[in-house]
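Right, one structure below, let's go through it.
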Amino acid sequence: MAKDNIKPKSEHQAKNWSNHVENLYRFQLAGYRDEIEYKQVKQVDTVEYWPETGFVKKLQRRDDTFYYYNKQRECEDKEVHKVKVYVY
């Protein structure tokens, strides 16, 4: 189980697309900062990933509806600057 109340020390906007930025985009689209916050809020130990690409496969929003993601990249270049990267 993830530790409670882990807060980021700082944040910055993503400048270039990467696998890490892609997964952050998916967490933020579902209403979470990142995987750490998702695990804290939802009280889960693991997140489902696509084995082929390593991208997040499915997330549960705070209102308990699910987001299902494709195997391929979903964060377009024009969206990359909107992704926040958190430093712990």
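Quick notes on this structure:
- Criterion (among the aromatic types (Phe, Trp, Tyr) and at pLDDT below 95) met by exactly one of Tyr88, Tyr67: Tyr88
- Of everything in the range 14-56 that is over 13 Å from the mean Cα position of the chain (by Cα) and surrounded by fewer than 13 Cβ atoms within 10 Å (Cβ to Cβ), the residue that is farthest from Tyr88 (Cα to Cα) is Glu52.
- Of all residues in the range 47-58, exactly one satisfies the criterion of being among the basic types (Lys, Arg) and either more than 11 Å from Ala30 (Cβ to Cβ) or assigned to a loop (DSSP other than H, G, I, E, B) (or both), namely Lys57.
- Just one of the numbered conditions (1) assigned to a helix (DSSP H, G or I); (2) closer than 24 Å to Ile6 by Cα is not true of Gly31: (1).
- Qualifying residue in the range 1-13 (condition: open to solvent by 90 Å² or more (accessible area, probe 1.4 Å) and within 11 Å of the chain's Cα centre (by Cα)): no
- Taken as a whole, the range 22-37 holds at least one residue that is touching a Pro at 6+ places or on another chain (Cβ under 9 Å) and under 17 Å from His81 (Cα atoms).
- Residues in the range 59-88 that are more than 16 Å from His20 (Cα to Cα), free of Cβ contacts under 8 Å to residues at least 12 places away in the same chain and either part of a loop (DSSP other than H, G, I, E, B) or open to solvent by less than 80 Å² (accessible area, probe 1.4 Å) (or both): Asp63, Asp64, Thr65.
The values are calculated or read from the model by the stated rules, or taken from the named source; none is laboratory data. In this text, all values refer to a predicted model and were calculated from it rather than measured experimentally. Virtual Cβ from ideal backbone geometry, glycine too; neighbours counted across all protein chains shown. For accessibility, only protein heavy atoms count, side chains too; no ligands or nucleic acids. Shrake-Rupley method; radii C 1.70, N 1.55, O 1.52, S 1.80 Å.
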